[in-house]
Structures are given as structure tokens and as C-alpha cells.
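Quick note: the coordinates plus some simple rules give every number you see, no bench work behind them. Note that the structure is a prediction, hence the values are computed from the model and not measured. Cβ: placed from backbone, ideal geometry, glycine included. Neighbour counts: every protein chain shown.
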Amino acid sequence: MLKGKNIVLGITGSIAAYKAAILVRLLVKEGAQVQVVMTPSSKEFITPLTLSTLSGRPVLCDFFNSNSGEWNSHVELGLWADAMIVAPATASTLGKMAGGIADNMLVTTYLSMKAPVFIAPAMDLDMFAHPSTQHNLEVLAGYGNHIIEPGTGELASHLSGKGRMEEPENIVQALKDFFLGKSLLKGKKVLITAGPTYEKIDPVRFIGNYSSGKMGFALAAECAACGADVVLVSGPVSQPTPSGAVERIDVESAAQMHDAAVKAFPACDAAILCAAVADYRPATCADKKIKRTGEGMVIELEPNKDIAAELGKAKRDGQRLVGFALETNDGELNAREKLAKKNLDFIVLNSLADKGAGFAHDTNKVTIIDKEGVAEYPLKSKRDVARDIVAHLSKLLLALLILVLPLDTFAVGEELNAKVSLNSSKVQGANTEVFKVLEEAITQFLNDRKWTANTYEDYERIDCNFNFVVDQYSPDGSFTTSLIVQGTRPVYGSNYSTTVFKYEDKAITFTYQPYDRMEFNEDNLDNNLTAVLAYYAYLIIGFDMDTMGDLGGNEWLNKAQSIANNAQTLGDAGWRAMSSENNRYSIIDDYMNGALEPVRKLMYKYHRLGLDTMYKNVTAGRKVITECLTMLNKAYEDRAMAYFPRLFVEYKNDELLNIYSNSSTKERQDAEKIITRIDPSLSAKWEELVSKPAEQL
Ligand code: CTP
């Protein structure tokens, strides 16, 4: 996510400056270029040498290089950066940044910055709580800077409270989330309706409602921040137009809002209907101000068109529609009715019964309801609520993108030709779209990635299957699944394929959300799903290569082993930590450390010399296979607890029964002895074969 990104890291004079060294290291590890800019007082806490060593670049502190007299250009830095982080940010620097006091290199760089700025304050609890600090933070947030709130804990003063700089890992995560978020709706066009409508009674009076437009404008801001083009159709409000690609169309009445929305919708990927549209308008609008008569008065009303329902009818495949329901009673019931009646993809319910929710407030408390379920959120700022809504919408749009692209779009002739199936029947009541998206994401990950430096033609790709059965899934994205992974290769000159590797991994745990990228860096594993997939991808390639020549797969098997080693810290996902012989790590361990040397030789001999020869001469081929079984027996004798010999006879059992079906009784008996010794559970089928009369001697 941060690979290739240019980051300016501003460091100020706080005891937390030592954490900046960790921050630099983490950013560099993520593949970012880091330019450190220090305030003079920060040098009292950490040396420029440490930071220049870690970042691989000279640190900037002064306006001029004192040796060469060269100007350090803060303007160029402002253009170069993809993001700026100020961490730690002292109260003094916050004040200077908020007030534009550019008396050092850091603040001038900040003022020249074109990229988003992240600020991680660090100070004593009283300084942090002081109204002037809070005011400065508010000002800075108002300018669009991202404040990374400090944590609570023990401070340098030995007091305990809020003021500890956020941990470097979390600062990096905030940056990653930001860059991920920025592309969530890239290339999408979103229509948003916002605010109230005014229905005229006469030239000076109207029927309206209390809607302030805040929620709709927060949604427009969030969609634009996520990379969408936004068409914002707004009733009369006093909100500033959000920055970014927002086309604002101001309307007054429901009829005008209807016309603008209906016109814009066909070109949009989604619409969020947030406006509080008047359901009725006066049947006539007096052209002159209505005079007081002292009598009672009746205004006849006629219904407005339901914009949401009309767009719901017009919605084509691939478009998504989101509605709001503001209810005073029976919230969920009413919202569900609207969801169905207006053909919405989901509806956001806010209840006037909730404190801090609804019109004019800066906060809102919502429940997102769709056909699959209900997600309740706590009271949050309207911008944060907008984030939740946009995250939900982007999942739907992303799912769609992956689902509508045919699989061929992803096939680019790399090493693996993986067929992936994900069986979710054990999980009841979950959103099945998640499983489809995951299945496609895994297929794409395995097939699109270039796993070796070799060139593979399309027909040379290794056929393999990854069959998942999901045991547990929770909507926070955590999965527990089993996986049967199998690699096959064609037998020379025949239409027959032989299994080269097969293994059942009983419990894989990982988290996945439909908008997660399947990012994989084998030197820096941070995701159990991609680590497991890469592990098996390399095993399949390695074992396949082993069948092509003696020790041919070493390079790829080594890679698999190093992933297993590096994955030790990825939670309790059963890498080496599980010492049972069924541990996915142990299959490769014995094989690679030489304990199963006969098995390695057998791989080549069995698949290439044995099966390929069998195609031309059954007896000669079988002779080679018998020699292979002797090698297998040797491997078993050397290491009875090793998993691979058992694995081998298990996945080859049917093939072996077939191979010996025409052999002499003696050959069958010899094979039976070896195979059933390794795996006694296979005895019945072999006894049956041995007892059959030999057809060919
Ligand atoms: N809506 C709309 N056009 C209308 C009325 C409502 O687009 N003429 C949209 C709102 O923007 C909201 C959703 O429909 O997304 C539900 O609005 P709401 O006023 O709660 O629903 P109504 O259908 O008007 O039902 P009621 O007023 O009876 O609760």
C-alpha cells in the first residue's frame, strides 16, 4: 500500500521523538521513501545521524545547507510528497502550524505541502487538555489535516493520561487506511441528494423541514475523498460545497430535485438518497402573498413523486441504490418496508428517538439494513457515519466489479492454472456475496501472480485445485476454513493426469473484507491468507518441478519453507507452532531437510519414468513404479513418523490400485505390503485386489 510513496516525516522536540526512528524503519519496510525534516529542538531528543541512517537520506533541519550554502527547498518537498506526517507533534508546533508561524524548516514545509498531512500529537496530559491546544487541533482538523489522536497511558512526566503519541505501527496503519480509502470509489460516479425541499405556498412562504444537509454533504465529502465523481443535488442549505470532484446542483422543490436526480442517475454507478424530500406540495402556489383574513385557512396538498422509488424502478444491473429512513417509531419494520418498496440495496435508518441523531446535529446514530442483515453503529460524527456508509457501498460496488468480469480477464499465462472453490454451506445466514468475492480474489491472486522467473506458456501452466470449506465466518471478516490443495500434471502422451501433490489443511484462520487487497510481500508477511496461499503455490510449483528432474523444485520449495518460517508471528494459524505431524509446515520440513531423500528421488522416477513409460509399455512402467514403492518403503523405515509417505500413498491409492490391477499376484502382494504398512487403513481395497485372479502374468 505504501510501496513507492514519498513521505515527509516531520519530527519535533518531544521525548516521543525516539519513536520516530521506529516509524522511519516501518515506513521504509513498507517500501516508502522517507524524507525526515526536524525542528531544531528535536535534535536534543534524537540524532539526525540515526534518522538519516534509517531513512537512507540526509535529514533536513535548516533552511540552508551550511556547507554548500544550498537552499533546502520546502516548496519542492511539498510537491514531492504523497503524504506528510508530523510525529511527534508538540503543543508548540501545533500552535505554529495552526497560526502559520513559519520560523523553521518543518513549519515552512507544512505550509508548502500539497499532500495530505497527518499529525500525531505528543505532550503532557494538561498541555493536551488545555483549550489552546484543543483549539489549535480543531483549527488544523478544519484545514483538512488528519489528527491521529494520542493514546492514554503513562507519560514522560510520570503522570498518567491522554497525551502519549500513537504507536508507530498504528500511525503506519492510519496512513495505509488512508491510501486504501482514497481508491475505494476510484472511477465511480455517485449521485447524492441532500437537505430539505421547500414547497411554495406563495412568494414568501413554504412548507419545509428541519434538514440541515449535514449528513448528505458529509457523504459527498467522503465519496469524493474515496476517489468518486460526485453529483450533489441539494435542497436549500447553508453548507459549503465539499472539496474534490463534486458537481453541486442547487434546487428548491421536490419536483426540481426529482428532475435533477432522474437526469443524473443513468450515468452514475450509485445513488445515495439522503434528502428529506417533502412528500406533499400545495396544489397551487399563490402568485401574490396571501393576505391575512382573520379566518381559518385550508391548504390543499398533492403528492410529490418519490425519487427513490423512481430510481429503484429505473435501476439497471450493476447500479446500487441507498436510501435513508428517518423514523420516530417501529424503525426497523418501516425501514425494511422502504427497502423493499423502493428497490434499494440498503437503507440507513436513523431514529429521532436516539439522542444526538437526526436533523441539524453534528452526530448521528445509524443502523444499516439490507436483505442479508442489520448492522448497528454507535453515535458518531456525521463524517464518520458517512465513512461507514461509503465502506458498505464500496463493498457492494467492488463485489460487482469482480463478479461481472469474466475469469478470462484475469488469466495472463502465469505459472498456475488454479481452480478455486469456496464452500460456505456450513455457515448460515451470512452475506454470501463475501464468499463469492473471496473466491474470485483467491483465484486472481493465485493465477495472476508471477511466482517464478521462468516463462510459462499457457498450456504449461500447472493445473491445481484449491477447495475451501468454510467452518466459521463472522461479519467482522474472520474466517476459519479447511483447504484441500492439489496439483496435477499430464502423463506423457495420454489424456490422463496424475496428482503430484495433495494435502488437506484442516484449520486456516484469517480475516478478509471484500475491499481488502490481496497484497503479498514474501519478506514482510502481514496476512495469513496470502501467506498460506503463497506457501501452497510454491509447494505445488516445487513438487511439479521435482517431477521434471532430480531436485528440480528446490528453489520453490525453499521459498515455501521460508514463508513458513517467516509466518511464525502471524497469529495462531498453525504454522510451525503446532507440532503435530499434520502441521502444514512438517510436510515440507522432512522433505527439505533430507530426512526423506528417497521420496525426493521417487517423485521424479514415479511421475516421469514410471507413469510416462506405462503409457507406452505397461509392464516396463509398472516395474519402475515397483522400484518407486521400494524407495517409499525405505523413506518410511528411515522416518516412520514423517507425514509425506502416508500422504503419498493416500493420494496415489486409486492410481496404484489401477496400476497393479493387471499385474502378477506377486507384484500385487509386494505393493500391498508396502502400502498397507504405511497406511493400514487402505488394507481392505488391497486385499480385494490381491484376491482377484491375475489377468496377465
Ligand atoms: N425519498 C425520495 N423522494 C421522496 C420521498 C423520499 O427520494 N419523495 C427518499 C428519501 O431521500 C429517503 C427515502 O426515500 O432516502 C425514505 O424517505 P422517507 O421520507 O423516510 O420515506 P417516505 O417514503 O416518504 O415514507 P414516510 O414519509 O411515510 O415515512
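Okay, here's what the table says:
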| read-out | value |
| --- | --- |
| For segment 1-96, the Rg and Dmax computed from alpha carbons only, in angstrom | 12.8, 37 |
| Taking the chain and dividing mean pair separation by its residue count, relative contact order in percent (alpha carbons under 8 Å, at least six apart) | 6 percent |
| Square roots of 5 times each gyration tensor eigenvalue, C-alpha, segment 38-159, largest first, Å | 25, 18, 13 |
| Rounded D (µm²/s) - the chain, Kirkwood Rh over Cα pairs, Stokes-Einstein at 25 °C, 0.890 mPa s | 81 µm²/s |
| Members of 188/341; 114/182; 176/365; 3/395 lying beyond 18 Å, as alpha-carbon distances in this model show | 188/341; 176/365; 3/395 |
| Solution diffusion estimate, µm²/s, Stokes-Einstein, segment 51-99, Kirkwood Rh from C-alpha pairs, 20 °C, viscosity 1.002 mPa s | 165 µm²/s |
| Contour minus Cα-Cα distance for residue 152 and residue 453 (0.36 nm per residue) | 103.5 nm |
| Cα extents of segment 652-697 along the three principal axes, largest first (Å) | 27, 16, 14 |
| Charge-dipole axis of the chain as Lys and Arg at +1 and Asp and Glu at -1 on Cβ define it, positive-most pick from 631, 283, 425 | 283 |
| Rh (Kirkwood; distinct C-alpha pairs) - segment 90-223, Å | 18.2 Å |
| Among the listed pairs 506/559; 342/382; 263/338; 436/652; 616/692, those beyond 30 Å (Cα-Cα) | 436/652 |
| Angle in degrees between helix 254-264 and the longest Cα principal axis of the chain, rounded to the nearest 10 | 40 degrees |
| Percentage of interatomic Cα-Cα distances in segment 436-547 larger than 21 Å | 40 percent |
| Gyration tensor (alpha-carbon) shape descriptor, segment 292-379, a/c threshold 1.5 | oblate |
| Distance from segment 429-482 to segment 127-144 (C-alpha centre basis), Å | 46 Å |
| Mean shadow area of segment 153-201 over all directions, Cα convex hull, nm² | 7.9 nm² |
| Debye-sum result for segment 360-401 in log10 I(q)/I(0), which assumes one identical scatterer on each alpha carbon, at q = 0.16, 0.20, 0.24, 0.25 Å⁻¹ | -0.45, -0.65, -0.84, -0.88 |
| Surface/4 estimate of mean projected area, convex hull on alpha-carbon atoms of segment 156-311, nm² | 15.0 nm² |
| 17 Å reach of a label modelled at residue 139, 7 Å along Cα-to-Cβ, counting backbone N of segment 35-49 | none |
| Nearest-20 debye value, the chain charge dipole, Cβ charges on Lys, Arg, Asp, Glu | 640 debye |
| Spatial separation of Cα centroids for segment 488-560 and segment 211-285, in angstrom | 50 Å |
| Tilt relative to the chain, helix 18-29 - C-alpha long axis, 0 to 90 degrees, to 10 | 60 degrees |
| Listed residue (165, 155, 220) projecting farthest to the positive dipole end of segment 134-223, Cβ model | 220 |
| Of all DSSP beta bridges in the chain, antiparallel share, percent nearest 5 | 45 percent |
| Whole-Å semi-axes of segment 466-507's equivalent ellipsoid (Cα gyration tensor) | 33, 9, 5 |
